[in-house]
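The structure appears right after this line, and notes come after that.
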Amino acid sequence: MVIPHVLMIRTTPSSDEDLPLSLHLAEHARRAGVGKQVTQGTLLTALSPCLRRRHLGALGHVSALTYSWANPGGPDQLSCTLQSRDRTDATNPGRRCQVVRGARVIWDGKLMEPAETAGGWQVTAVGVGKAGADFAAVFTTWTNQNDAVNQAIARPGGLRWVNPGIPAGVWTGQASDSGSLTIDALLNLFATQGGYTWYVSVTPTGNVLSVYAFPAAVLANVNRVLVAAGPVTRTLGGDVNTVWVRYQSSADSAVTATFALTSSTTAGAAALHGAMEAYLDLSSAGPLTAGQAQAQGAAILARYQRASYAGPFTIRPGQLLNPGGAPVDLGLDHCGTIVRLILADFGAGGEVVPDPAVFMVGNYSWDEDAQTATVTPFQSLRTSVSGLGGEVATVLGWRATQEAALDARQAAHAAAVRARWARQATARRHRRTFPGTRR
């Protein structure tokens, strides 16, 4: 029997070691003050929610507490230094690790093996957002996108996620062998080619998995405002404005398949930034017309993001605001928000009228001692024409294979129907010629 236990890290010693978790949270809220911004995080770890909880702050002084989130994923990494001479079961690897802030659990994960240093024990933990790497994607039905995740959750000592349901629109592609992938690799497969991402949110009802389409990084979706404290440099994706597309212009049947080349261009871009061309090979996507190939090239140029703010941005309290202008508690925020960057008194990449600087947060970390947060914009295939082209070629190639297989099945079925009709017609003629006989 595995005995669960909890570890809690405070920046000040805890005197209520044996109180239930609910009382810990209530006491934390009382000390923080109703309506006040919580300025100190508390870390708690356990093997289960109920047994042998431990507060690291009761064992020694805790410093250098940092924790982070990543998208896709969720709670990502945690580290701190425990200044204690002795090692107890509170730091055993495999224990559940939780950060409590603002009277609720905001980060959840699993302790790793601590390392003893001259300054104390270096404690690290891996977030529950990466727990899928520990479980094989064992499924009964490949086309049931929820099967493998639900089985991993249901197994004894299973995945500590709650799955409300993965949408049917995810991209499955060619079936893999049951158990050959990990859960996180399976979710990445679902998300990457289908325009989705996935995230595990720590809530009072559990660690809830969400698989959702990428929110558009536009002003209408902004829910955070980041005020830059200094000059910000953009990252250019290359200013590509023309894509040459190679495609299969005729089917490979009685004669050898033929291929052709066409192009798509962003109107007016070459005059502004100079001509820059890229190449896209769609020959594996099956026969296409010139118009279809040009449409794919135009779609890539429409999705292509020529300039982005790659960050990361190191911010202090007061620099990250909600849309109404109120400061956000940096220790409580995490990934997935849509941020508008405010450049105060600085140029915008040398352009007189730049596009609005809006991005989705792809990585977020909080440093308790420095009282700073690091915000890293989500970097996607949109900044790479070759990456976008590979994505399109993969999807179209898989679709062409599936459609070819479907065409073959439909042709075989039609041939079988025609043969059955021919046999029935022959039987009817025979009965008319030779009445009273059966054939």
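The values are calculated or read from the model by the stated rules, or taken from the named source; none is laboratory data. Everything numeric here is computed off the predicted structure, so don't read it as measured data. Cβ atoms come from the backbone with ideal geometry, glycine included; neighbour counts cover every protein chain shown.
Summary table
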read-out	value
Counted residues, the range 149-159 - those being surrounded by fewer than 16 Cβ atoms within 10 Å (Cβ to Cβ) and part of a loop (DSSP other than H, G, I, E, B)	4
Residue within the range 173-184 that is under 12 Å from the mean Cα position of the chain (by Cα) and of a type outside the set (A, V, I, L, M) present	yes
Sole exception among (1) assigned to a strand (DSSP E or B); (2) buried (at least 16 other Cβ atoms within 10 Å of the Cβ) for residue 132, by number	(1)
Which listed residue is surrounded by 15 or more Cβ atoms within 10 Å (Cβ to Cβ), modelled with pLDDT of 75 or more and part of a strand (DSSP E or B), from 336, 297, 362	362
Residue in the range 194-203 that is of a type in the set (Phe, Trp, Tyr), at pLDDT 85 or above and under 15 Å from the mean Cα position of the chain (by Cα) present	yes
Matching residues in the range 262-280 - criterion: being of a type in the set (Asp, Glu) and surrounded by 15 or more Cβ atoms within 10 Å (Cβ to Cβ)	none
Where residue 58 falls short, out of the listed (1) at pLDDT 90 or above; (2) farther than 28 Å from residue 211 by Cβ	(1)
